[in-house]
Structure formats: structure tokens, C-alpha cells
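Notes to accompany the following structure.
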Amino acid sequence: MSTTRKPRLPHLPRRVVLPLLLVLVVAAGAGLYAFQPWKAFTTTTVNESLPAAPPSSAASPSSPVAPAAPTDLARGAFVSHEHTTSGTARTVRLADGGQSVLRLEDLATSEGPDVRVYLSRRDAAAAEGGLGEGAVELGRLKGNRGNQNYTVPTGTDPAAYRSVVIWCARFSVSFGAADLAPTGV
């Protein structure tokens, strides 16, 4: 009669197991923080209207002046890079004639960690490889769906930029970009 023995697992001392578990927990936490995998299953929709110009001091209640309309400076459609991205980007001079905004319309892209909006001097195809010199950050992406506005910093000429890029700063990748073609105004 033969007796079959189960192979025995080595018994690790507690002074080895506890630090090993601690390292695994810290590594898992760091991985979750860096990749934020839950964002693959979430959507943030933003639906802002185009900002209105501040009221003119020249208009009086007895003689109302019709407000000037905002002017499109450039526009373009998004193309996908690392993530499927669609929608339209427009640079718009507000009715007061001073402030410019970047408007994203019908945007659809993925959520991700630390996603930002940039104006780039590169065209959309080249922006897939990087933002290039002189790119201007307009802020964190407000939502991965919908219509949203970003103020172009004072002193920045939107005509000097060739594209809008949705950029993940954490991983240095472009989600998508849109070439800005002047509208002829």
C-alpha cells in the first residue's frame, strides 16, 4: 500500500510575508492612481453655451443698441489619435471684439487621467507625436462629451496656432486633435 503525499508549500515567516503584502498593496494603489481604470466606464457631459459679451456701457435704456455677434475665426473637425475622438473645434472672437474663446462642440472622446486642452503650432497629424514648441494650455478638459468653452489667454493670437489637441498629460499622448482652418473673416 503506497501513500501519496501532497507536496507541501514552503512556510514563509511573518517577517517576510507582511512586507511583501505591503509592497503589493502600495504597488496596486500606485497603479490605480496612475491609470484610473474606472474612467474607461464613466462619462462626463458638459453643455455650456457660447459666452455673451459683457453689456456695453454705450447702450442706454432709451436707445438700445443691438449687440454685435460673435465672430468665428477658425474651425476644424477632430480626428482620433490614441482614443476615438470626434466633434468640432472653433476659435471665436466674442461680440465685444476683445476676448477669444476656444469652443468644442459635440465633443466625444474618452475620459482619462489629467486630460487637458491645448492650442498647438503643429497640425493635427503631427500633434499625435507631441504638442511641439509654444503650445498653450487652455485648461483641464471639462468633460469628455458635449459643448464647452475655454478662454484663450489675453495676448495669445489664436491665428498663430494650427490645431487644438486633447492631451493626456499623465501619459503624454494625444487623444485627438482638430486642424484649425481660418473661416475667412
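Just so it is clear, none of the values below were taken in a lab; they were calculated from the coordinates. Quick caveat, the model's predicted, so the values are computed rather than measured. Cβ coordinates were reconstructed from backbone atoms using ideal geometry, including for glycine residues, and neighbour counts include every protein chain displayed.
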Inset, instruction - Along Cα→Cβ, 7 Å out, is where each label goes; now give me the distance between the ones at Ala69 and Thr84 in nm to one decimal. - result: 3.5
Legend entry - Nitroxide proxy distance, nm - points 7 Å out along Cα→Cβ at Arg14 and Thr44: 4.5
Inset, instruction - Hand me the trypsin sites (Lys or Arg not before Pro) from region 82-179 located in a DSSP loop with no more than 16 other Cβ atoms within 10 Å, in residue order please. - result: Arg121, Arg170
Legend entry - Contour minus Cα-Cα distance for Arg140 and Gln99 (0.36 nm per residue): 12.8 nm
Legend entry - Under 5 Å, built H, 5+ apart or other chain: amide partners of Leu73: Thr91, Val92, Arg93
Legend entry - Loop GluC sites (Glu not before Pro), region 88-175 (other Cβ atoms within 10 Å of the site Cβ: 14 or fewer; DSSP): Glu133
